[in-house]
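The numbers here are math on the coordinates, done by the rules we state, and not lab data. Just so it is clear, the structure is predicted and the values come from calculations on it, not from any experiment. Here the Cβ positions follow ideal geometry from the backbone for every residue, glycine too, while neighbour counts run over all protein chains shown.
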Amino acid sequence: MKERLQKILSAAGVCSRRTAEEYIAAGRVTVNGRPAALGDSADWEKELIAVDGKALRRPDRHVYLMLNKPRGYITSLSDEKGRAVVTDLLRGIERRVFPVGRLDRNTEGLLLLTDDGDLTQKLTHPSHKVYKQYLLTIRAPEGFFAEPPELQLARPIVLDGRPVVPAKCRLLAQNGAEAHLSVSIREGRNRQIRRLCEACGYKVASLRRVAVGELKLGDLPVGQYRELTQREIRYLKTL
């Protein structure tokens, strides 16, 4: 069955679909020895598809990882400024895996990585709205909270010209001007929780993602990773 080359390269774990378009435009992709063009399709079972002269092979099985990302790491495969990236933490993983979504540099916690391009595309698409749970510590610059922070953060605050879907917020503990909360969101706007806190006048002292839907970070040590279980993989594919 013929499929767009971008989808094939993504499914093979070579790169994202967007990057695949760049590869094709640069002449790095061939089909049966001939340079491919944007918009081309091919049958992976019957045709020879190659990137930089290396033939694509269907993986026997995909790799699905959960990483407890530390602070200070960029959610990327490389960084032009030479900063540490999350894939620097992977040891013994021969496949080229990609982060599913993003965590900003100063946010810790659960990050998925995989070479399954189709699943990555599905989980990062704007229509995908699974709740992601974060634990955060915030401080009130004035020295006190004028109103309960869990109520203020749960309001439909406007970001980028439109209101966010209200977050699910629960106060875990409060000590004067410092509060610890559990916040769950189902939109993937850039730095959403930090921006919600800024809009409410709060300073974020720490932020950690602990769950994506039913997937839990649990006691996975910071900087360590593990393979997902078959049950967890099946769950992701049903989302």
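For the chain, the residue among Leu220, Gly92, Cys169 whose Cα projects farthest onto the positive side of the dipole built from Cβ charges is Cys169.
Please report, to one decimal in angstroms, the Kirkwood hydrodynamic radius of region 46-180 built from all distinct Cα-Cα pairs.
This gives a value of 18.4 Å.
Measuring against 29 Å, Cα to Cα, the residue pairs Lys2/Lys216; Lys54/Lys122; Lys203/Lys237; Lys46/Lys69; Lys7/Lys168 contain Lys2/Lys216; Lys203/Lys237; Lys46/Lys69; Lys7/Lys168 as the ones spanning a longer distance. Could you list the residues of region 97-136 with an amide nitrogen less than 14 Å from a label point located 7 Å from the Cα of Lys81 in the Cα-to-C-beta direction? Counting backbone N atoms under 14 Å from the label point, the list is 104-107. Pairwise Cα distances in region 2-55 exceed 12 Å in 57 percent of cases.
For the modelled label position 7 Å from the Cα of Arg195 along Cα-to-Cβ, which residues of region 78-110 have backbone nitrogen atoms closer than 16 Å? Label zone hits: 102-105.
Using +1 on the beta carbon of Lys and Arg, -1 on that of Asp and Glu, and nothing else charged, what's the dipole of region 132-212 about the Cα centre, debye to 20?
Working: 14 positive and 7 negative charges, 87 e Å.
The calculated dipole for region 132-212 is roughly 420 debye.
Its residue count N sets the reference 2.2 N^0.38 Å, and the alpha-carbon radius of gyration of the chain equals 1.17 times that reference.
Each of Arg105, Arg231 was scored by other Cβ atoms within 10 Å of its Cβ. Arranged with the fewest first, they read Arg231, Arg105.
Roughly speaking, what % of Cα-Cα pairs in region 11-100 are separated by over 20 Å, rounded to a whole number? Of all Cα-Cα distances in region 11-100, 47 percent exceed 20 Å. Of the residues Leu123, Pro149, Leu207, the one whose Cα sits farthest towards the positive end of the charge dipole of the chain is Pro149 (charges of +1 on Lys and Arg Cβ, -1 on Asp and Glu Cβ, taken about the Cα centre).
Each Lys and Arg adds +1 at its Cβ and each Asp and Glu adds -1 at its Cβ; summed about the Cα centre, region 2-55 shows a dipole of about 60 debye. As an equivalent ellipsoid, region 132-212 spans semi-axes of 19, 15, 11 angstrom, where each value is the square root of five times an eigenvalue of the C-alpha gyration tensor, largest first. Hey, quick one: spin label on Arg139, modelled 7 Å out along Cα-Cβ, who in region 180-194 has an amide N within reach, i.e. under 18 Å? Flagged as within label range: 180-181, 194.
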